[in-house]
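Read through the structure below, which is laid out as structure tokens, and then see the notes.
The values are calculated or read from the model by the stated rules, or taken from the named source; none is laboratory data. Just so you know, these numbers come straight off a predicted model, no measurement behind them. Note: ideal-geometry Cβ built from the backbone for every residue, glycine included; neighbour counts use all protein chains shown. Accessible surface areas use protein heavy atoms only, side chains included; no ligands, DNA or RNA. Shrake-Rupley method; radii C 1.70, N 1.55, O 1.52, S 1.80 Å.
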Amino acid sequence: MPYFPEALIAPKFLRATTEGVVSPNERNLLRLIWRHPGLSRSEVTAHTDLTQQSVYRIIDQLAERGIVGFGSPKPGVGRGQPSPTLRLEGRYAYSCGISLNTDVIGLCLMDLAGNILAESSVTLREQTMAQSLDLVRERLAEQQKLKGLLPDGFFGIGFAIAGYDVGGTRYNAPLPLHEWSLIELGPLLAEFFGKPVWVHNGANTGAVAESMFGVGRYIKHFAYLSFNYGFGGGLISDGELLLGGNGNAGEFSGIYDTEESQRRPALQLLIERLNRNGIDVPSITYMRKNFNPRWPGVVEWVDEITPAYNRLVNAIWAIFDPQAIVFGGQVPSGLAQMMIDRTEMFGRPRYGVDRPRPKLIISKISSDASAMGAAIAPFRSTFY
């Protein structure tokens, strides 16, 4: 039987009259409020095809449910009485994002308004799947208690895994995550946590986090490079994640053959190089926190992967034409800058004029972007 997390949403979050959490019109208004912080109620009509009467009625209904709140009026907008500003009420619900990487599981608790309530992590090394899940559940309960989060406000879980989608909620992950691979994670995790669980690729949730909390606030078309144990990414077009026909758009490592894949910018390969050069780097998390560009083997490795990296960047530019390419995932900012410094764009100007080139930007999200994107996934799937 197909798995649908929406069928497991607690009744308190559902509309009284019809199925679902919000109606299509309500969803459009909530998305509008998210994208335009400080929007006043009187300004909403100009952004929709709805009448002012309909807009006010929908907003009042959302406010009665506690989903939307009113702020201080915005002066100087329209005629008559100043109109109150609108905001999403974070207190209405919260979610948990879980990001499964090869060495660590990241956790992020987030409310409906996108405020991060807590962040934590669980070391994955030498833990079975069952042991890891027990630790995650314990850590989640600790954070809920510490932050005073009540169980009835817990909407659902977003789960991000490093691996590509093979159908349903089955993902094919790297060797360190073999126990998590090729099984239906959705129903398994939903039963374990007792909550609806939305399962996604970790690079995609990182791209979503970048879209909603990072460069996506001012750039709507970008490619997100996710440097992790492996190497993948995501594509954001007009602010929305592109999944492709089989859910795997952004599997950038797929352009390399078997031999060249050993020269792609996957961080596992850099760690192996560092260890061979006598630098003890036990995990990608350790490398991100302690990266030193002067470690023996770093410059050699970056020079070695540069041709494959450059071909990918130019392929993204030619095929997707983004405004920016963002360096994210678990990459240390110093390492990202080394790659940016070696970037060669293959454009051939015509009549002395080249195609507009994407900006190369290092992500400013210092925490676990994949967990952040996973945390907001339940709300993006249902509310906005």
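General observations
- About its Cα centre, region 238-364 has a charge dipole of approximately 380 debye under the convention of +1 per Lys or Arg Cβ and -1 per Asp or Glu Cβ, with nothing else charged.
- Between the listed residues 315, 230, 326, the Cα displaced farthest toward the positive end of the dipole of region 217-362, a dipole computed from Cβ unit charges relative to the Cα centre, is found at 326.
- Computed lengthening from residue 348 to residue 238, 0.36 nm per intervening residue step minus Cα-Cα distance: 36.9 nm
- The accessible area of residue 299, taken with all protein chains in place and a 1.4 Å probe, comes to roughly 70 Å².
- Solvent-accessible area, 1.4 Å probe, carbon plus sulfur percent, for region 217-362: 49 percent
- For peptides 304-316, 255-267, sequence by mean Cβ density within 10 Å, most packed first: 304-316, 255-267
- Protein heavy-atom accessible surface, 1.4 Å probe, per residue over region 217-362: 50 Å².
- Summed side-chain charge close to residue 72 - residues other than residue 72 whose Cβ falls under 13 Å, Lys, Arg +1, Asp, Glu -1: +3
- Scattering curve values for the chain, log₁₀ I(q)/I(0), Debye with Cα scatterers, q = 0.06, 0.09, 0.11 Å⁻¹: -0.26, -0.57, -0.83
- Seen from residue 334, the other residues with C-beta closer than 14 Å to its C-beta sum to a net charge of +3, counting Lys and Arg as +1 and Asp and Glu as -1.
- Using the average count of surrounding beta-carbon atoms within 10 Å as a protection proxy, the listed peptides 10-18, 227-235 rank, highest first, as 227-235, 10-18.
- At a probe radius of 1.4 angstrom, the accessible area of region 18-88 per residue rounds to 58 square angstrom.
- Computed as a quarter of the hull surface, the mean projected area of the alpha carbon convex hull for region 253-384 stands at 10.5 nm².
- Residues residue 8 and residue 134, FRET efficiency given R0 of 25 Å [Cβ-Cβ distance, rounded to 0.05]: 0.75
- Distance from the Cα centroid of region 118-168 to that of region 39-64 is 37 Å (rounded to whole angstrom).
- With Cα atoms defining each centre, region 176-193 and region 352-384 are spaced 26 Å apart in the structure.
- Cβ-placed point charges (K, R +1; D, E -1), dipole of region 1-133 about Cα centre in debye, nearest 20: 480 debye
- GNM result for the chain, Cα springs below 10 Å: residue of 27, 350, 65 fluctuating most strongly: 350
- Within the chain: Cβ-based charge dipole about Cα centre, in debye rounded to nearest 20 (Lys, Arg +1; Asp, Glu -1): 1220 debye
- Overall, the accessible surface of region 40-183 at a probe of 1.4 angstrom is composed of carbon and sulfur to the extent of 50 percent.
- Among the DSSP helices (H) of the chain, those spanning at least 24 angstrom by Cα along their long axis with an average Kyte-Doolittle hydropathy of -1.0 or more are 129-147, 298-320; this is a geometric and hydropathy rule only.
- FRET efficiency estimate (nearest 0.05) - Cβ-Cβ, residue 170 to residue 289, R0 41 angstrom: 0.80
- Spin-label model, residue 277/residue 300: points 7 Å from Cα along the beta carbon direction are separated by 0.7 nm.
- Spin-label model, residue 57/residue 364: points 7 Å from Cα along the beta carbon direction are separated by 4.2 nm.
- Prolate is the label for region 18-88, because a/c, from the alpha-carbon gyration tensor with a ≥ b ≥ c as root eigenvalues, is 1.5 or above and a/b exceeds b/c.
- Within region 303-328: backbone nitrogen closer than 18 Å to the residue 355 label point (7 Å, Cα to C-beta): 309-326
- Placing pseudo-labels 7 Å out from each Cα toward the beta carbon at residue 318 and residue 147 gives an inter-label distance of 4.5 nm.
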